[in-house]
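Colleague: First the structure, then my questions, so here it is.
The values are calculated or read from the model by the stated rules, or taken from the named source; none is laboratory data. Predicted model only: the values in this text are computed from it and were never measured. Cβ placement follows ideal geometry from the backbone for every residue including glycine, while neighbour counts extend to all protein chains displayed. Each accessible area value is taken on the protein alone, full model and side chains, heavy atoms only, with ligands, DNA and RNA left out. Shrake-Rupley method; radii C 1.70, N 1.55, O 1.52, S 1.80 Å.
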Amino acid sequence: MKEESKIVTSKFKHTPVLSREVIQAISQLPATLLKKGTLIDATLGGGGHASLALEAYPNLHIIGLDHDPAAISAATDQLNIYGSRVKIVASNFADFIPKDKVSFILADLGVSSPQIDEAQRGFSFRLDGPLDMRMNPKNDLTAAKLIKETDEKALADLIYKYGEERFSRRIARRIKNDLCVNDSYPGTASLASAIASCYPPKFRNKRIHPATKTFQALRIAINNELEALEKLLTKAPNWLSPGGIFGIISFHSLEDRLVKHSFLKDERLERITRKPIVASSEEKSMNPRSRSAKFRIAMKI
Ligand SMILES: C[S@@+](CC[C@H](N)C(=O)[O-])C[C@H]1O[C@@H](n2cnc3c(N)ncnc32)[C@H](O)[C@@H]1O
């Protein structure tokens, strides 16, 4: 990956994945849509993809959305130099309604590196932090609250459904029966080691932490991630001008399955590529987050 795609601001260190491929996808717009077009970046993060697009296409305008105030603040700093070409809106993409039709919609799903790397956000099983995992801290539901208010069977079902975790039953039992002390739960590090203790040695994988799937499941449930994606898939094609492009980067099979089926069935869209675009081996070795990234693009008919 080229050096210019490493976006580093004082608060927000996140390397955008598949940035060359995103810029290439924008180039496939009809000239009229590219010339005076607007791109909705539905998951602005620190503004990494957005600044690369603004640099590559000097006539492009961007509406950037995010529901995490830390991302909004970092993106505001990062994109300030582009002045009126950028409008930033603090919103869940599921609730957004644009005023006018746009040329391109990009969604780079999931969490950003700073969300994971800051222990206090409670997303990381490698660092110790509170059981939080909210992308939008204004929402009421934290991981601690979810675990407390969900019974063992429902918790096991949730871990299985959103994490595809084969040991969901024993993990839920361990969390509910052994982890709670004086009606409260310890932090992410204790949760991670409790989950790891449910993994028989022969199923342990040196590269993937045993808590990965359970943490993914809790995060998806807390942030209503799949419901938000379904709403975006339903609404966003209506936001595009004919010839406009909808591009989604997903990071796990639950998301990619939704995107794949929606792009296939949606009569408003025509798939530009049948198979998802994935990172080059060079990018995968430089940015481990890109290893699971799948980029699907479709054009508004
Ligand atoms: C992978 S990061 C995006 C990084 C960005 N493309 C960049 O290059 O800096 C995903 C971002 O999407 C945001 N996000 C996730 N789900 C969202 C939703 N439903 N509505 C708005 N923002 C969302 C997260 O808060 C996070 O900042």
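Colleague: Quick check for me: using +1 on Lys/Arg Cβ and -1 on Asp/Glu Cβ, what's the dipole size of region 140-222 about its Cα centre, in debye to the nearest 20?
Modeller: Taking the Cα centre of region 140-222 as origin, the dipole is about 540 debye.
Colleague: May I ask for the angle, rounded to the nearest 10°, between helix 225-239 and the longest principal axis of the chain, with both axes built from Cα atoms and the value confined to 0 to 90°?
Modeller: Value to nearest ten degrees: 10.
Colleague: Which one, Pro69, Pro130, Pro58, has the greatest fluctuation when you compute a Gaussian network model over the chain with C-alpha springs under 10 angstrom?
Modeller: Greatest mean-square fluctuation among the candidates belongs to Pro58.
Colleague: Over 25 Å between C-alpha atoms is what I'm after, so list which of Lys145/Lys213; Lys36/Lys87; Lys35/Lys284; Lys275/Lys300 land there. Please report the intermediate quantities before stating the final value.
Modeller: Values: Lys145/Lys213 19 Å; Lys36/Lys87 15 Å; Lys35/Lys284 33 Å; Lys275/Lys300 18 Å.
Correct reply: Lys35/Lys284.
Colleague: Calculate what fraction, in whole %, of the accessible area of the chain sits on carbon and sulfur atoms when a 1.4 Å probe is rolled over the protein chains. It would help to have the intermediate numbers written out before the result.
Modeller: Working: 7530 of 14570 Å².
That share works out to 52 percent.
Colleague: Of the cross-linked pairs Lys176/Lys265; Lys99/Lys231; Lys206/Lys265, which ones have a Cα-Cα span greater than 29 Å in the structure shown? Numbers along the way, then the final one.
Modeller: Values: Lys176/Lys265 41 Å; Lys99/Lys231 18 Å; Lys206/Lys265 39 Å.
Lys176/Lys265; Lys206/Lys265, as the Cα separations exceed 29 Å there.
Colleague: With Rg and the Kirkwood Rh both taken from Cα atoms, where does Rg over Rh land for region 140-222? Don't skip to the answer; put the middle values down first.
Modeller: On the way: Rg = 11.8 Å, Rh = 12.6 Å.
Checking Rg against Rh, the ratio lands at 0.93.
Colleague: Let me ask something else. Accessible area per residue for the chain in Å², computed with a 1.4 Å probe and the full protein assembly in place, what is it?
Modeller: 48 Å²
Colleague: Less than 14 Å Cβ to Cβ from Ile88, Lys/Arg counted +1 and Asp/Glu -1: what total charge do the surrounding residues give? Mind showing how you got there, number by number?
Modeller: Values: positive: Arg85, Lys87; negative: Asp41, Asp66, Asp68, Asp77.
Local net charge: -2.
Colleague: Shape of region 212-298 from its Cα gyration tensor (a ≥ b ≥ c, root eigenvalues): rounded if a/c is under 1.5, otherwise prolate when a/b > b/c, or oblate?
Modeller: Working: a/c = 2.41, a/b = 1.24, b/c = 1.94.
Oblate shape, in that a/c is at least 1.5 and b/c is the bigger or equal ratio.
Colleague: Would you mind checking the radius of gyration and Dmax of the chain based on alpha-carbon positions, in Å?
Modeller: Rg and Dmax of the chain, Cα atoms, are 19.7, 63 Å.
Colleague: Kirkwood hydrodynamic radius (Cα pairs, Å) of region 1-155? Walk me through the intermediate numbers first.
Modeller: Values: mean 1/r = 0.0597 Å⁻¹.
About 16.7 Å for region 1-155.
Colleague: If you rank Thr32, Thr214 by how much accessible surface each has, with a 1.4 Å probe, what is the order from largest down? Don't skip to the answer; put the middle values down first.
Modeller: Numbers: Thr32 110, Thr214 0 Å².
So, going from the largest accessible area down, we get Thr32, Thr214.
Colleague: Hey, another quick one. How much mean residue ellipticity at 222 nm does the chain get from its helices, if each DSSP H run of length 4 or more adds -39500 (n - 2.57) and you divide by all residues, to the nearest 500 deg cm²/dmol?
Modeller: Working: 13 runs with 118 residues, N = 301.
Using -39500 (n - 2.57) per qualifying helix, the result is -11000 deg cm²/dmol.
Colleague: Counting Lys +1, Arg +1, Asp -1, Glu -1, what net charge surrounds Ala211 among other residues with beta carbon under 11 Å of its beta carbon? Write out the running numbers ahead of the final one.
Modeller: On the way: positive: Arg126, Lys213; negative: Glu165.
My count for the surroundings of Ala211 gives +1.
Colleague: Right, another one. Each residue of region 48-65 in turn: what ³J(HN,Hα) in whole Hz from Karplus with 6.51, -1.76, 1.60 and θ = phi - 60°, glycine and Pro shown as x?
Modeller: x, 4, 4, 5, 5, 5, 5, 5, 6, 10, x, 9, 6, 10, 10, 10, x, 10
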